[in-house]
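Asker: Pasting in a structure now, in structure tokens, and then I'll have a few things to ask.
The values are calculated or read from the model by the stated rules, or taken from the named source; none is laboratory data. Note that this is a predicted model, so its numbers are computed, not measured. All Cβ positions, glycine included, derive from the backbone under ideal geometry; neighbour counts span all protein chains shown.
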Amino acid sequence: MLRSEPVAGTKTRRFEIVIESLIRVLGFSTIGFVVLIFLFLLRQGLPFFFQVPPINFFGTRWYPTFGLFGTLPLILGSILVTLTAVVIAVPLGVATAVFVREIAPGWAREVLKPLIEVLAGIPSVVLGFFGMNIVAPLVRTTLNMPTGLTAFTGALVLAYMALPTIISVAEDALDSVPKSYRDAGLALGATKWQVIWRVVVPAARSGIVVAVMLGLGRAIGETMAVMMVTGNAARMPLTPDSLFRPVRTMTATIAAEMGEVAQGSLHFHALFGIGIILFVLTFLINLAAARSIFQKRRRGGLR
Amino acid sequence: MNARFVVQRVGFALLSLIALVVVLPILVIVAIIVVRGVGAISWEFLTTMPHDGMKAGGILPAIVGTIVLTFGTAVAAIPVGVGSAIYLSEYARDTLFTRAIRLAIVNLAGIPSVVYGLFGLGLFVLFLQFGTSILAGSLTLAIMTLPVIISTSEEALRAVPTEYRTVIASLGGTRWQGIRYVVLPQALPGIITGIILGLLRAAGETAPILFTVSAFFLPRLPHSLFDRTMALPYHLYVISTQVPGMPQEIQYGTALVLLMVVLSMNLVATLIRGHFRRRRPW
């Protein structure tokens, strides 16, 4: 940044100082918001951790009306749905990114990119609505099950919601691999296909990991669509067929129950307690993703 | 022809197929909602109050609610977001503190929407006693929208070449004058695109407004900032899960209206971006 010596009058200079400090305050505000969010989650959530013994909190049964606040089924439910979604979305997302960046002819790129942006823009409640009315019946009839509202259905919908994030971040990662790498590979007699999988993708590895992390973060925090398609049964997903039975995630529990609890009750504080877990979890995931972002920034030079 | 090229052929075909698998459902989703919802759309549907327990009539209060909330979000988020972007692009140096700000932005972007709802309930509704209101909901949505506005605006500001700033400085202009009269106008299309993309997210979100604004059924228009209101995304959630015997057509019609609101904002953002990218002087 440059340091200028303004030839302006004192009035202009005073105005400059005012506006500069205002912009500084705005610049710092985001840190303030993160702190504020955490503080207010703690304020309403901490009483719960004090009033309920940890044994109850990490128990296996979530029946708030009977004073049972075992969050384990909800945490495992979230993990089951999220991991399945990521397992579905990552190969599809990375493959699509490779296709768009490395292979697709110009016209295909012009069609694909806006469509993926459209997917990113569809509100989660609309996808949940679609999942409920179209995907769930489809899952039920093809797998011949009593209900289509299962963890698997949730994972399918979530996978599609995570795809735009994964595709665009992975695309950036592929984009930042220098052209000279590709040229060198081709000059050695490798096919384009070999260059993609043995040179370009390995070189973009760290960026692709970031894509996966951000997709994971997006999936675990998703609320409305998941609530509408997973059936919301708070049971421990331990049996092998759990994937094809209803589950309940942490986000869905908060969204579904907050409207019905009395403010200040133990149940009310318990829902904030789940909020704290979610906040910390996504914070860690994003921290891990951001670390690699900063490393890339420091190394620089690629673009 | 050697086997390596056969592998390449098969591989490319497979990747095209996967891309198709990814993209096709998007078209199917939009098509199904349009086909099943278009029958419900009429002047009456868009401009009248719901009645008979929402099973008949229009969705006017939900549409107005979404417009009011999005407007409130814009008023709160634009100054903070653009100001923050100006700080990051024009004033901040690469210090540990600036890294902390960037980390905060990444984390704000990653916080689950329902956690924003909890935060809004804790701070705006209960602590500041705004009650369940348009004000509480707009502020909650505004904070959620900030990361999108900040990162796209910063990118737009950084794209303006350094010479533009040096020239102003050489003419005796102050740093703010350079920003105000040269950098900001040049970056404006990019900033506007970012703002629209952020607001589009706010318009479609349900979880943050669940506990901060939403009224299940309120067949009148909001009177003040402290009023509750219906909103399109929450209304779609309510009529598709909470009301038994809801006519399918109204559900799909509501989904279609919401989808069109969001997609048209998306289209405007894309058009602005494309138009100015072509005209950019550098």
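Asker: Return the total of residues in segment B:133-156 being more than 26 Å from B:TYR91 (Cβ to Cβ) and without any contact (Cβ under 8 Å) to a residue 40 or more places away in the chain.
Answerer: Residues in segment B:133-156 being more than 26 Å from B:TYR91 (Cβ to Cβ) and without any contact (Cβ under 8 Å) to a residue 40 or more places away in the chain: 0 in total.
Asker: Across segment A:38-60, which residue is surrounded by the most Cβ atoms within 10 Å (Cβ to Cβ) among those that are away from chain B (no Cβ under 14 Å) and in contact (Cβ under 8 Å) with a residue 60 or more places away in the chain?
Answerer: A:VAL52
Asker: So how many residues does segment A:115-135 have that are crowded, with 24+ Cβ neighbours inside 10 Å and of a type in the set (Gly, Ala, Ser)?
Answerer: Of the residues in segment A:115-135, 3 are crowded, with 24+ Cβ neighbours inside 10 Å and of a type in the set (Gly, Ala, Ser).
Asker: Report every pair of residues separated by at least 6 positions or lying on different chains whose Cβ atoms are under 9 Å apart, first residue within segment B:160-177 and closer than 21 Å to B:ILE191 by Cα, second surrounded by fewer than 20 Cβ atoms within 10 Å (Cβ to Cβ) and small (Gly, Ala, Ser).
Answerer: Listed pairs, sorted by first residue: B:ARG165/A:SER4; B:ARG175/A:SER4; B:ARG175/B:ALA169; B:GLN177/A:ALA8.
Asker: Quick one: in segment B:122-133, of everything that is of a type in the set (A, V, I, L, M, F, W, C) and either in a helix (DSSP H, G or I) or modelled with pLDDT of 95 or more (or both), which residue is surrounded by the fewest Cβ atoms within 10 Å (Cβ to Cβ)?
Answerer: So, considering only residues that are of a type in the set (A, V, I, L, M, F, W, C) and either in a helix (DSSP H, G or I) or modelled with pLDDT of 95 or more (or both), the one surrounded by the fewest Cβ atoms within 10 Å (Cβ to Cβ) is B:PHE127.
Asker: Among the residues of segment B:165-188, which ones are of a type outside the set (A, V, I, L, M), surrounded by 18 or more Cβ atoms within 10 Å (Cβ to Cβ) and within 12 Å of chain A (Cβ to nearest Cβ)?
Answerer: From segment B:165-188, those of a type outside the set (A, V, I, L, M) are B:165-166, B:170, B:172-178, B:180-181, B:185-186; that's our starting set.
Among the residues that remain, those that are also surrounded by 18 or more Cβ atoms within 10 Å (Cβ to Cβ) are: B:165, B:173-178, B:186.
Scanning segment B:165-188 gives B:ARG165, B:GLY173, B:THR174, B:ARG175, B:TRP176, B:GLN177, B:GLY178.
Asker: Next question, about the same structure. Just give me the residues in segment A:254-271 being more than 9 Å from chain B (Cβ to nearest Cβ), among the hydrophobic types (A, V, I, L, M, F, W, C) and assigned to a helix (DSSP H, G or I), in sequence order.
Answerer: A:ALA256, A:LEU266, A:PHE268, A:ALA270
Asker: If you go through segment A:1-19 one residue at a time, how many are at the interface with chain B (Cβ under 7 Å from one of its Cβ atoms) and modelled with pLDDT of 90 or more?
Answerer: Residues flagged as at the interface with chain B (Cβ under 7 Å from one of its Cβ atoms) and modelled with pLDDT of 90 or more within segment A:1-19 amount to 1.
Asker: Starting from residues that are buried (at least 19 other Cβ atoms within 10 Å of the Cβ) and within 8 Å of chain A (Cβ to nearest Cβ), keep the ones in segment B:70-91 and report whichever is nearest to A:ILE254 (Cα to Cα).
Answerer: Among them, the one singled out is B:VAL80.
Asker: Only one of A:VAL100, A:VAL94, A:VAL111, A:VAL125 is of a type in the set (Val, Ile, Thr) and modelled with pLDDT under 90. Can you tell me which?
Answerer: Selected residue: A:VAL111, the only one of A:VAL100, A:VAL94, A:VAL111, A:VAL125 that is of a type in the set (Val, Ile, Thr) and modelled with pLDDT under 90.
Asker: Taking B:ALA136, is it surrounded by 20 or more Cβ atoms within 10 Å (Cβ to Cβ), part of a helix (DSSP H, G or I), more than 11 Å from chain A (Cβ to nearest Cβ) and out of contact with any Ser or Thr (no Cβ under 6 Å at 6 or more places or on another chain)?
Answerer: The answer is no for B:ALA136.
Asker: Taking the residues in segment A:278-292 that are of a type outside the set (A, V, I, L, M) and at the interface with chain B (Cβ under 7 Å from one of its Cβ atoms) as candidates, determine which candidate is farthest from A:MET250 (Cα to Cα). Step through it out loud before you land on a result.
Answerer: Step one: of segment A:278-292, the residues of a type outside the set (A, V, I, L, M) are A:279, A:282-283, A:286, A:291-292.
Okay, now just the ones that are also at the interface with chain B (Cβ under 7 Å from one of its Cβ atoms), so A:279, A:282-283, A:286.
Values: A:PHE279: 11, A:THR282: 12, A:PHE283: 16, A:ASN286: 18 Å.
The residue in question is A:ASN286.
Asker: Only one of (1) under 24 Å from the mean Cα position of the chain (by Cα); (2) surrounded by fewer than 23 Cβ atoms within 10 Å (Cβ to Cβ) is not met by A:THR141, so which one is it?
Answerer: Going through the list (1) under 24 Å from the mean Cα position of the chain (by Cα); (2) surrounded by fewer than 23 Cβ atoms within 10 Å (Cβ to Cβ), A:THR141 breaks only (1).
Asker: Considering only residues of segment B:1-40 that are closer than 30 Å to B:THR229 by Cα and at pLDDT below 90, which is surrounded by the fewest Cβ atoms within 10 Å (Cβ to Cβ)?
Answerer: B:GLY39
Asker: Follow-up. Specify which of the listed residues (A:LEU156, A:LEU186, A:LEU216) is crowded, with 24+ Cβ neighbours inside 10 Å and outside any loop (DSSP other than H, G, I, E, B).
Answerer: Within the list A:LEU156, A:LEU186, A:LEU216, the selection yields A:LEU216.
Asker: Could you give me the residue pairs with C-beta distances under 7 Å whose first residue belongs to segment B:24-42 and is away from chain A (no Cβ under 11 Å), whose second residue is among the hydroxyl-bearing types (Ser, Thr, Tyr) wherever it lies, and which are 6+ apart or on separate chains?
Answerer: B:ALA40/B:TYR252
Asker: With the checklist (1) out of contact with any strand residue (DSSP E or B) (no Cβ under 8 Å at 6 or more places or on another chain); (2) in a helix (DSSP H, G or I) in hand, flag the one item B:GLY53 doesn't pass.
Answerer: (2)
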